[in-house]
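A.B. asks: Below is a structure I'd like to ask you about.
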Amino acid sequence: MYENVPAQSAIVNNEETQEKVDGNLIVVPTSSIISQNEVRGLGQLNRDDLTMQRIKLLQAMSNEVSSGGGNVGEFYNTLSGVSYGTKFIFTPITRWKSRTLFNESRDDQPICRSSDGFRSLDGHLCEVDCPYNANLWVDGDPPRCAEAQNYLILPDGEQFPASISFMRSAIKSAKNFNVLLLAAKCDLWIWKYELTSVKQNGTKGTYFLPKVMKHIVDGKPVATSEETQQIAEQFFHWTKTGQISEYDEDPPF
C-alpha cells in the first residue's frame, strides 16, 4: 500500500489544499483510504454500526420521485441523496444473490428475506420451505418471492462503495453483466463499467431497466487506476471478514 518516493516530487493531498513536502525521502500512501481502525476518534466499528449506501433506479412510483428528491429514470443514492443521472461509471467490487418475499399488494414492503438466496434470515430453506419460491410471472406480475443479483460497487470519483440490486425485469441485465465479469478473467475491480438507464414501455406503463457495459473510450476498455484497485480490494476484504455488511435491512431497490 505504500511506496518510497523522492520528497521533492511528493504531494500531500487533502480536501482543500495540496502541499509540497521538503526533505530527502518520505513514505506516502498510494491510496487515500486507511483501515477503519486507524481513523482516530472513531473508535472500533463493526457491521452493526454502519448502513451501506444503496443505489436504486427510480421509477414513477418511487418515494424519491413523489417527494421531489429525484427524477424518473435516474440512479439515486438513498443514503447521500445524490443523483447520478441516467448514466454513470463505476468499478465493481463483489456480487451476491438474495431473495425477498413481498406482501400481496407488492408495495415493496418485504415480509421475508434471504441474504444468500438459499436460507431466509429466520432460518427457513428457500427452495424447500417457501411456497413462493417459483420464479414465475403471472399476468404480468412478478413472483412474490423475488430473486435479486446484488453488487457492491465504487462509483467513479468516490471512495466509499454502494450496493445496487437487479431483480424482477432487471435479472436479465444482471446475467449479462455477470457474463462480462466472467469474460474479463480477472479481479472484478480491474475494469471500469457503465450503468445506463433504459426506457421501456410495457402493458402497465413506462418503466426503466439498468444496462451494464464496459466503459469504452476511443474503442478501448478503460482500466481502473491503481488507487481505485487498492480501495476496491480493501473493501472486498472487509466484506469477507465481516467488517462491513453486503446486505442491510432496506428493500433491495
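A.B. asks: Yes or no: residue 198 open to solvent by 40 Å² or more (accessible area, probe 1.4 Å), under 26 Å from residue 93 (Cβ atoms) and at pLDDT 95 or above?
C.D. replies: yes
A.B. asks: Yes or no: residue 126 touching a strand residue (DSSP E or B) at 6+ places or on another chain (Cβ under 7 Å), open to solvent by less than 20 Å² (accessible area, probe 1.4 Å) and at pLDDT below 95?
C.D. replies: yes
A.B. asks: So which residues in the stretch 68-83 are in a strand (DSSP E or B) and open to solvent by less than 40 Å² (accessible area, probe 1.4 Å), if there are any at all?
C.D. replies: 75, 76, 77
A.B. asks: Tell me, please, whether a residue that is open to solvent by 40 Å² or more (accessible area, probe 1.4 Å) and over 20 Å from the mean Cα position of the chain (by Cα) can be found in the stretch 206-215.
C.D. replies: Checked the stretch 206-215: at least one residue is open to solvent by 40 Å² or more (accessible area, probe 1.4 Å) and over 20 Å from the mean Cα position of the chain (by Cα).
A.B. asks: Something else: Anything in the stretch 134-155 that is open to solvent by 80 Å² or more (accessible area, probe 1.4 Å) and either part of a strand (DSSP E or B) or at pLDDT 70 or above (or both)? List them, or say none.
C.D. replies: 138
A.B. asks: Checking residue 131 against (1) at pLDDT 75 or above; (2) assigned to a loop (DSSP other than H, G, I, E, B); (3) not hydroxyl-bearing (Ser, Thr, Tyr), which test does it fail?
C.D. replies: (1)
The values are calculated or read from the model by the stated rules, or taken from the named source; none is laboratory data. Since the model is a prediction, treat every value here as computed from it, not as a measurement. Please note: Cβ atoms are built from the backbone with ideal geometry, for glycine as well, and neighbour counts cover all protein chains shown. Accessible surface areas use protein heavy atoms only, side chains included; no ligands, DNA or RNA. Shrake-Rupley method; radii C 1.70, N 1.55, O 1.52, S 1.80 Å.
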